[in-house]
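Data first, discussion second: the structure below is written as structure tokens.
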Amino acid sequence: MKIGLLGAPLDTGNMGVSALAESSMKVILNRWPDAEIILMGSVSKPQKYHLHLMGKEICVSTLPIKLSKNVFLPYNIMWFVLHGLLVKLLPGSWLKDRFASLNPYFRIIYETDIVTDITGGDSFSDIYGMGRFFSMFLHKWLFIFLNKELILLPQTYGPFKRSITKILARYVMNHASVVYSRDMEGIEYTRKLINIHSENGKVKFAPDVAFVLDSREPGNIDTGSIETRRTKNSVVVGLNISGLLLNGGYTQENMFGLKTDYRELVYSVIDYLMSNKRVLVLLVPHVFSPHRIVEDDPNACREVYEQLSEKYPGRIFLARGRYDHNDIKYIIGLCNFFIGSRMHACIAALSQTIPAVGIAYSKKFQGVFESVGLGDCVADAFQCSKDEVLSTVTNAFENREQMRKHLNEIMPGVKANILNMFEARNTG
């Protein structure tokens, strides 16, 4: 089996996207242990990764699919479409195979049995702009055009605010063999979009695949002196600060329309936590983007740390250095409680049975938290005032032991459901 994975590169610096990539591969290998996996689409260049997954070493290749003005680029989507059209017109499988071999990159696509797609978890939407949406659509359309089975992995669908994006999204979903949603609201939204009024097995629920990501201790970890300050009575609270939100989004003008000032909210949350003398706060980045400061979490965390370290000496700490998705999950696992503005940072906590609160800027948080029975632990900064957000944080912090017991009970089942999601897929 050759299986493609779209929409989840490993080299973006966004640990959430990397977590989706590796976790999706675990799900694929759980169903097809000997499968050859190819990361396709928005990858930077053809290369190979050597990973340890499901108890063995595997080699994963990458195949860029570029929408580029460079017509000489062999993995330009234009060439893939042209090759695909000619292969369709040629008679006989021998001629088709010979022609497909002329472009080694097209041959990879031609020989792929199944294509799975996760679109970065939440990018199958037009809220990030038409350019991004159209690029993601073209990747999916290419495989539909080539008559490959397309499986949409658990993700958030929409919102689609424009008529054209609704039409294109509907086209993709109608041609997919299975459409998995990572939240129940997405089930209803998707059924309505593609006009399905009954449970026919095409649209299914499955939790976010990142719940099954493996944690790995980094070779070198720098969290300051937190371990020497920590006692058996300490409560280490991990706080993930989003550089994107701290800077007001890509426009730097409250792009997401938050009801409360995010920077002020972060300082208020820390002030609340520090009112408990047992609390130590560890600032944890989850998106590493040094070349795009507007979305870089380490820069945002460092800014907050420098502002407050003198105010709270010996009680606020910063995870410094560059880590991958497995490393960051390990660091988050050092905490007793977690507050995050990056959803997959929260998933890294919840999957390790660490009580968590999500400070949300989109609908994706609510559905994911509800999927593990903790919908009340989402503070929607788009709708809630600062005091309402703080109230959600306070309630969760005070009830963290009950939350931990709940997570201990349900998490094995959640992970089993994710790993086995392909067992009953509809391939009709």
Compute the length gained on full extension between His50 and Leu85: take 0.36 nm times their separation in residues and subtract their Cα-Cα distance, giving the result in nm to one decimal. 9.2 nm
Exposure proxy order (Cβ contacts within 10 Å, fewest to most) of His291, His286, His83: His291, His83, His286
If I take all pairs of Cα atoms in the range 2-206, what percentage of them are more than 31 Å from each other? 18 percent
In the range 260-347, what GluC sites (Glu not before Pro) fall in a loop by DSSP, with at most 16 other Cβ atoms inside 10 Å? Glu310
Burial ranking of peptide ranges 208-218, 71-81 (average Cβ count within 10 Å, highest at the top): 208-218, 71-81
Taking a ≥ b ≥ c as the square roots of the eigenvalues of the Cα gyration tensor, with a/c under 1.5 meaning rounded and otherwise prolate when a/b exceeds b/c and oblate if not, the range 226-412 is rounded
Full extension from Cys59 to Glu409: what is 0.36 nm times the residue separation minus their Cα-Cα distance, to one decimal in nm? 122.5 nm
Which FRET efficiency value, to the nearest 0.05, is calculated for Arg162 and Asn254 with the Förster distance at 22 angstrom and r the Cβ-Cβ distance? 0.50
Among 266-276, 88-98, how do they line up from the highest to the lowest mean number of other beta-carbon atoms within 10 Å? 266-276, 88-98
What does the charge count near Asn233 come to, summing +1 for each Lys or Arg and -1 for each Asp or Glu among other residues with Cβ under 10 Å from its Cβ? +4
Can you give the helix-only mean residue ellipticity at 222 nm for the chain, where every DSSP H stretch with n ≥ 4 adds -39500 (n - 2.57) and the sum goes over all residues, rounded to the nearest 500 deg cm²/dmol? -12500 deg cm²/dmol
How far is it, in nm, from the label point at Lys96 to the one at Phe205 when both lie 7 Å from their Cα along the line to the Cβ? 4.0 nm
Proxy exposure order for Asp117, Asp261, Asp387 (fewest C-beta within 10 Å first) is Asp387, Asp261, Asp117
So, R0 is 25 Å and r is the distance between the beta-carbons of Asn276 and Ser362; what FRET efficiency does that work out to, to 0.05? 0.25
Phi-based couplings in Hz for the range 180-185 (Karplus 6.51, -1.76, 1.60; Gly and Pro marked x): 8, 10, 8, 8, 5, 4
Pull out the extension gain between Ser391 and Trp32, defined as 0.36 nm times the separation in residues minus the alpha carbon to alpha carbon distance; nm, one decimal. 124.7 nm
Sorted by chain and then number, the residues having a modelled amide H within less than 5 Å of the amide H of Ile339, at least 5 places away or on another chain, are Gly238, Leu239, Asn240, Val357
Give me the mean projected area, in nm² to one decimal, of the convex hull enclosing the Cα positions of the chain. 21.3 nm²
Taking amide hydrogens as modeled 1.01 Å from N in the peptide plane, which residues meet the under 5 Å criterion relative to Phe205, leaving out close sequence neighbours? Ser181
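Coordinate-derived values only; no laboratory data. Quantities reported herein were computed from a predicted structural model and do not represent experimental measurements. Glycine also receives a Cβ, built like all others from the backbone with ideal geometry; neighbour counts cover every protein chain displayed.
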